[in-house]
Amino acid sequence: SRGIVLFYHSATSIAMGNTNCTNTGTVEVGAVGEHVIARVNGLLEKGFKVGEGTDGWRRVFYGLPWKKPAGVPWSHMKAGFSQKKLLIYNARMLQDKNKHTNESKSSFFEKHGFVLCEMPTKVKDWNEDYLDADTDISNIYHKEIETLLREELFPSGTVFTHIGQDNAVLRRGPGSKNNFYGSGVHQDYALTPQEYLSAVKAYIGDKIAYENWEDDFNTQLADSDIFCVICFWRPIGMEDHTLINNPLCVLDRSSLKEEDIVKTETYGFTPTGKPQPQLTLKHDEGQRWYYYPDMTPDEVLVFKQFFYQKSDPNGAYKSCFHSAFCDPREGPYRKQKRQSTEHRVRVFI
């Protein structure tokens, strides 16, 4: 079941669009000041309404138009065909500023939903085969990730009841199994444990395998108050270069109005044919988007992909909307093509 779960991670591409930042030639990349101005895909208009007939969910379909399910309204589809010009702020400046206020990395992570960590790794082979248990990911990366979780990302004294890691990572870029980037604002797993389970189930065709996985999950959840999925996102294979092509932007959760969250079912790309629950977002002028320019392979962007607390089920939203985008510093003649990995870790507290 471990391998099947991460087949799900591999296949869920969040096909909200695909940035086209792959060009030819070279340019000098300028330094980033307080922000860049860039276009981001998939934000809905403030006035978007789900309407009747879909049980409160926006429904979207990825595939040939004439194969669109009858229950997916065209108005829901068209709402996502958008591109907003946004100020995307320099998160390095934000995080550096907080260093001078004695704010710990765990407090920054809790407040904003994301944080950048220095994390050199000994991993050489970024394995994509989730059924292979004897890999650099399981033998090396698991220990590195767990150390970072326990020592930097959560307050001292946090009691972890279970940390679930898989034998492989989701790679993106040329030569990987996912030669495209998730360009479109989204959150991956919706709001509740049941919706998270539905997202996983949409990728597991084997009924017995899914039931075994669900039993394990429910046992771990029963022993815990908090369940979250934390993504460890980093560039790889960049040699001596820093990342400029298709970086990731993240939304400061403290700038989010929960009324702008739109529950969304995505049809057309799961192997079972079942819809995948996710979240999309209405645009609001008060939202503050950030990115970490010029990331290196020794850095990892950590952000919350899902968060649920049993003792406070209606508490503040703590996950992180995100999207790939074209860094305007790249210019029209850049050769770089992003290589990156995502390691999605299930954390029970």
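The values are calculated or read from the model by the stated rules, or taken from the named source; none is laboratory data. Only a predicted model underlies this, so the values are computations on that prediction, with no experimental measurement involved. Here Cβ is always computed from backbone atoms with ideal geometry, including for glycine, and neighbour counts include all displayed protein chains. Ligands, DNA and RNA are stripped out before the accessible areas are found, and what is left, the full protein with its side chains, is counted by its heavy atoms. Shrake-Rupley method; radii C 1.70, N 1.55, O 1.52, S 1.80 Å.
Is at least one residue of region 70-84 touching a strand residue (DSSP E or B) at 6+ places or on another chain (Cβ under 6 Å), more than 15 Å from Val262 (Cα to Cα) and open to solvent by 70 Å² or more (accessible area, probe 1.4 Å)?
Yes: region 70-84 contains one or more residues that are touching a strand residue (DSSP E or B) at 6+ places or on another chain (Cβ under 6 Å), more than 15 Å from Val262 (Cα to Cα) and open to solvent by 70 Å² or more (accessible area, probe 1.4 Å).
Exactly one condition in (1) under 12 Å from Thr341 (Cα atoms); (2) under 16 Å from the mean Cα position of the chain (by Cα) is false for Gly184; which is it?
(1)
What about Glu285, is it more than 22 Å from Tyr196 (Cβ to Cβ), surrounded by fewer than 22 Cβ atoms within 10 Å (Cβ to Cβ) and not aliphatic (A, V, I, L, M)?
So Glu285 passes the test.
Sort out for me the strands (runs of 3 or more DSSP E) sitting completely within region 29-95 that have 2 or more residues that are over 22 Å from Tyr267 (Cα atoms).
Working: elements: 35-41, 58-61, 83-90.
Qualifying strands (runs of 3 or more DSSP E): 35-41, 83-90.
Among the numbered conditions (1) open to solvent by 10 Å² or more (accessible area, probe 1.4 Å); (2) farther than 25 Å from Ile349 by Cβ; (3) at pLDDT below 95, tell me where Asn314 comes up short.
Only one criterion in (1) open to solvent by 10 Å² or more (accessible area, probe 1.4 Å); (2) farther than 25 Å from Ile349 by Cβ; (3) at pLDDT below 95 is unmet by Asn314, namely (2).
From the residues in region 109-127 that are among the acidic types (Asp, Glu) and within 26 Å of Tyr291 (Cα to Cα), which one is most open to solvent (accessible area, probe 1.4 Å)? Show your work before the answer.
Keep residues of region 109-127 that are among the acidic types (Asp, Glu), which gives 110, 118, 125.
Right, trim to within 26 Å of Tyr291 (Cα to Cα) and you get 110, 118.
Working: Glu110: 69, Glu118: 122 Å².
Checking each candidate, the answer is Glu118.
Is it the case that region 141-159 has a residue that's of a type in the set (Lys, Arg) and crowded, with 22+ Cβ neighbours inside 10 Å? It would help to see each step written out before you state the result.
Here is the first cut: in region 141-159, the residues of a type in the set (Lys, Arg) are 143, 150.
Those left that are additionally crowded, with 22+ Cβ neighbours inside 10 Å: none.
No; the residues of region 141-159 include none that is of a type in the set (Lys, Arg) and crowded, with 22+ Cβ neighbours inside 10 Å.
Of all residues in region 183-196, count the ones that are open to solvent by 10 Å² or more (accessible area, probe 1.4 Å) and either in a loop (DSSP other than H, G, I, E, B) or farther than 29 Å from Phe217 by Cα (or both).
2
Any idea which of Lys105, Lys85, Lys124 is among the basic types (Lys, Arg) and without any contact (Cβ under 8 Å) to a residue 40 or more places away in the chain? Before you say what the answer is, go through the steps one by one.
Numbers: Lys105 fails: without any contact (Cβ under 8 Å) to a residue 40 or more places away in the chain; Lys85 fails: without any contact (Cβ under 8 Å) to a residue 40 or more places away in the chain.
Checking each option against the conditions leaves just Lys124.
Please find, among Phe303, Phe307, the residue that is modelled with pLDDT of 95 or more, open to solvent by 10 Å² or more (accessible area, probe 1.4 Å) and under 15 Å from the mean Cα position of the chain (by Cα).
On the way: Phe303 fails: open to solvent by 10 Å² or more (accessible area, probe 1.4 Å).
The conditions single out Phe307.
What about Thr280, is it surrounded by fewer than 20 Cβ atoms within 10 Å (Cβ to Cβ) and β-branched (Val, Ile, Thr)? Reasoning before the result, please.
Details: surrounded by fewer than 20 Cβ atoms within 10 Å (Cβ to Cβ): no; β-branched (Val, Ile, Thr): yes.
No: the conditions fail for Thr280.
Select from region 206-219 the residues that are open to solvent by 70 Å² or more (accessible area, probe 1.4 Å) and touching a residue at least 40 places away in the same chain (Cβ under 8 Å) and write down the one among them that is farthest from Ile349 (Cα to Cα). Quick ask: steps written out before the conclusion?
Here is the first cut: in region 206-219, the residues open to solvent by 70 Å² or more (accessible area, probe 1.4 Å) are 206-208, 211-212, 215-216, 219.
Next cut, touching a residue at least 40 places away in the same chain (Cβ under 8 Å) only: 206, 212, 216.
Working: Asp206: 29, Asn212: 21, Asp216: 15 Å.
Only one residue fits best here, namely Asp206.
Restricting to region 29-62, and then to whatever is small (Gly, Ala, Ser) and under 22 Å from the mean Cα position of the chain (by Cα), can you tell me which residue is surrounded by the fewest Cβ atoms within 10 Å (Cβ to Cβ)?
Going through region 29-62, the residues small (Gly, Ala, Ser) turn out to be 30-31, 33, 38, 42, 47, 51, 53, 56.
Narrowing further to those that are under 22 Å from the mean Cα position of the chain (by Cα): 38, 42.
Values: Ala38: 20, Gly42: 24.
Result: Ala38.
I'm trying to understand the selection: among the residues of region 220-272, which are open to solvent by 30 Å² or more (accessible area, probe 1.4 Å) and of a type in the set (Asp, Glu)?
Asp223, Asp225, Glu239, Asp240, Glu258, Glu259, Glu265
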